[in-house]
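Comments concern the structure below.
The values are calculated or read from the model by the stated rules, or taken from the named source; none is laboratory data. Since we're looking at a predicted model, the values are computed, not measured. FYI the Cβ positions are ideal-geometry reconstructions off the backbone, even for glycines, and counts take in every protein chain you see. These accessible areas exclude ligands, DNA and RNA; they are computed on the full protein's heavy atoms, side chains included. Shrake-Rupley method; radii C 1.70, N 1.55, O 1.52, S 1.80 Å.
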Amino acid sequence: VEVSGAFVSAAGFAVRFSPQQQSMIEATKQQLREAGTAAVPRVSDLPIEPSVLHAAVRSQELIQISSDFVYLPEQIDELLSVIEGFDEPFGVSEFKDAAGVSRKYAVPFLEWTDHTGRTVRTGDTRRKR
């Protein structure tokens, strides 16, 4: 038995997608690549079924930052590198301007960084952890 966070699986277990499921994942990845970090589509607008999305997130092919948004791992890395470039503290405005995203994307992303321990929020500002 292997334990990874909240997930328990048989030792050596790996998620395997059917060709149809893999096609959904690839179409979703392509749509995210084309959108870039500045305008990722809402989950409801992606060509993927909820169960397949859940499995793709569990296998870390996609990263879900909120109920509305998922990103590619490389998009997450790109946005995290923006945070790394800041002197501390920084606010939502500084992040959205530096990352080239609107508040619609900046706030959920920064809340995710707080939740995952990458940043610490104090009032209206954040510090890197």
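Quick rundown of the values:
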item	result
Label-to-label distance, nm, for residues given as residue 4 and residue 45 (7 Å Cα→Cβ offset)	3.0 nm
Fully extended contour minus Cα-Cα distance, from residue 60 to residue 107, at 0.36 nm per residue	14.7 nm
Residue-averaged 222 nm ellipticity for the chain, from DSSP H runs of 4+ at -39500 (n - 2.57), nearest 500	-14000 deg cm²/dmol
Sulfur and carbon atoms: percent of accessible area, the range 1-103 [1.4 Å]	50 percent
Magnitude of the charge dipole, the chain, Cβ model with Lys/Arg +1 and Asp/Glu -1, debye to 20	220 debye
Furthest towards positive pole of dipole, 46, 81, 125, structure part the chain, Cβ charges	125
Relative contact order, percent, the range 16-123 [alpha-carbon distance under 8 Å, six or more residues apart]	22 percent
Two-site label geometry, residue 127 and residue 35: point separation in nm, points 7 Å out along Cα→Cβ	3.4 nm
Long-range amide H partners of residue 48 with built H, under 5 Å	none
Cα-Cα separations in the chain greater than 20 Å, expressed as whole percent	49 percent
Rg(Cα) / (2.2 N^0.38 Å) computed for the range 6-71, rounded to two decimals	1.14
Residue-level accessible surface for residue 8, protein heavy atoms, 1.4 Å, Å²	100 Å²
